[in-house]
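The values are calculated or read from the model by the stated rules, or taken from the named source; none is laboratory data. Quantities reported herein were computed from a predicted structural model and do not represent experimental measurements. Ideal geometry is used to build each Cβ from the backbone, glycine not excepted, and the neighbour counts take in all protein chains shown. Side chains are part of the model used for accessible areas, which takes the heavy atoms of the whole protein and leaves out ligands, DNA and RNA. Shrake-Rupley method; radii C 1.70, N 1.55, O 1.52, S 1.80 Å.
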Amino acid sequence: MKGKVLIISKTRMYGGKVCVGGITREKRYLRLLDSNGDYRNTDTKLDIGDVWNMEYTEMQNTTPPHVEDAIVTEEEFWANLVKGETTITEVLTNKLKVKIWQGSPENLFDGL
């Protein structure tokens, strides 16, 4: 698949890696893995609020809750949407019309 992806999360992991999450214009959530199918290194250029033109393959046979894994084979920076006082939440709710889930984190992923 190919298209623009907005970076919406970047979580530090173990071993000097980060988990990078994105969303497409079609509101498909993606966990953006490198070309080897691994988490990104902490020095990745993908930052929250960036929009990247990406070519990726969605992984098959994934295990819930992580059904959004995508192996990125090409990426090119396009723009940053978080500028000045604008937040990533405002971009998601105003531009993409994404409904932000509310509630206790304990209700997510079986409390893990």
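Checking the structure you have, find out if any residue of the stretch 89-106 is assigned to a strand (DSSP E or B) and of a type outside the set (G, A, S).
Scanning the stretch 89-106 turns up no residue that is assigned to a strand (DSSP E or B) and of a type outside the set (G, A, S).
Listed residues G84, G15, G37; which is part of a loop (DSSP other than H, G, I, E, B) and free of Cβ contacts under 8 Å to residues at least 12 places away in the same chain?
The unique qualifying residue is G84.
Return the total of residues in the stretch 66-112 being at negative phi, of a type in the set (D, E, K, R) and open to solvent by 50 Å² or more (accessible area, probe 1.4 Å).
Qualifying residue count for the region: 9.
Return the residue satisfying two criteria in turn: it lies in the stretch 22-32 and is open to solvent by 10 Å² or more (accessible area, probe 1.4 Å) and touching a strand residue (DSSP E or B) at 6+ places or on another chain (Cβ under 7 Å), and of such residues it is nearest to K95 (Cα to Cα).
R25
Inspect the stretch 47-57 for any residue being touching a Cys at 6+ places or on another chain (Cβ under 7 Å) and either part of a strand (DSSP E or B) or closer than 20 Å to L108 by Cβ (or both) and give the result as yes or no. Give the derivation first.
Residues of the stretch 47-57 that are touching a Cys at 6+ places or on another chain (Cβ under 7 Å), as a first pass: none.
No - not one qualifying residue is present in the stretch 47-57.
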